[in-house]
Amino acid sequence: MFNTLKYAKILEEVGFSREQAETSVKILVDIMDDKFATKQDMQEFKFAIKEDFQQFKVAMKQDFQQFKSEMRQEFLEFKSGMTQEFQGFKSEMTQEFQGFKSEMTQEFQGFRSEVQQSMLKLESKLTIRMGTMFAATIAILTAIQKLG
């Protein structure tokens, strides 16, 4: 606490008139009231700062929770999109594989059919040749038997 009476006496002792000392003290007190904080002002300021900090803390917690929720939602949407993309890719690959398998089955059946036809032709030719050889053998044996 500022002792105004003591300050006024000091000013009078150094040559100020009573009116000058009181005016000087009044000006100093007015300046101090306007510019300096009292203990009460500091307590109120401290309380206001605590209140502001608490509100800031709550707001930051809410903002973080909202951000976390938004990030979780974005992640779930991304995951869902990737799952759909993967399923689409898997479906395309399955269709491609089925198409390839079908083509290979047809190719194999065509090849099998060609081999079977070739075997039938070969069998037919061999039958004719064997028949011819058999007939020639009988003719030769008959000729040998008649000559002999």
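Quick note: the coordinates plus some simple rules give every number you see, no bench work behind them. Because the structure is a prediction, the values reported are computed rather than measured. Note that each Cβ is placed from the backbone with ideal geometry, even for glycine, and that neighbours are counted across all protein chains shown.
Structure data summary
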| quantity | calculated |
| --- | --- |
| 0 to 90° range, to nearest 10: angle between helix 18-35 axis and the chain longest Cα axis | 10 degrees |
| Lysine pairs within the range 50-147, Cα separation less than 30 Å, 8 or more sequence positions apart or different chains | 8 |
| Square roots of 5 times each gyration tensor eigenvalue, C-alpha, the chain, largest first, Å | 128, 14, 9 |
| Over the chain: helical MRE at 222 nm, DSSP H runs n ≥ 4 each giving -39500 (n - 2.57), nearest 500 | -34500 deg cm²/dmol |
| In sequence order, calculated HN-Hα J values of the range 38-47 (Karplus, 6.51, -1.76, 1.60; Hz; x Gly/Pro) | 8, 4, 4, 4, 5, 5, 5, 5, 4, 4 |
| Candidate lysines - alpha carbon under 18 Å from LYS35, same-chain residues fewer than 8 apart omitted | LYS26, LYS46 |
| C-alpha long axis of helix 4-13 to longest principal axis of the chain, angle in ° | 50 degrees |
| Dipole-positive endmost among VAL25, ALA135, LEU76 within the chain (Cβ charges, Cα centre) | ALA135 |
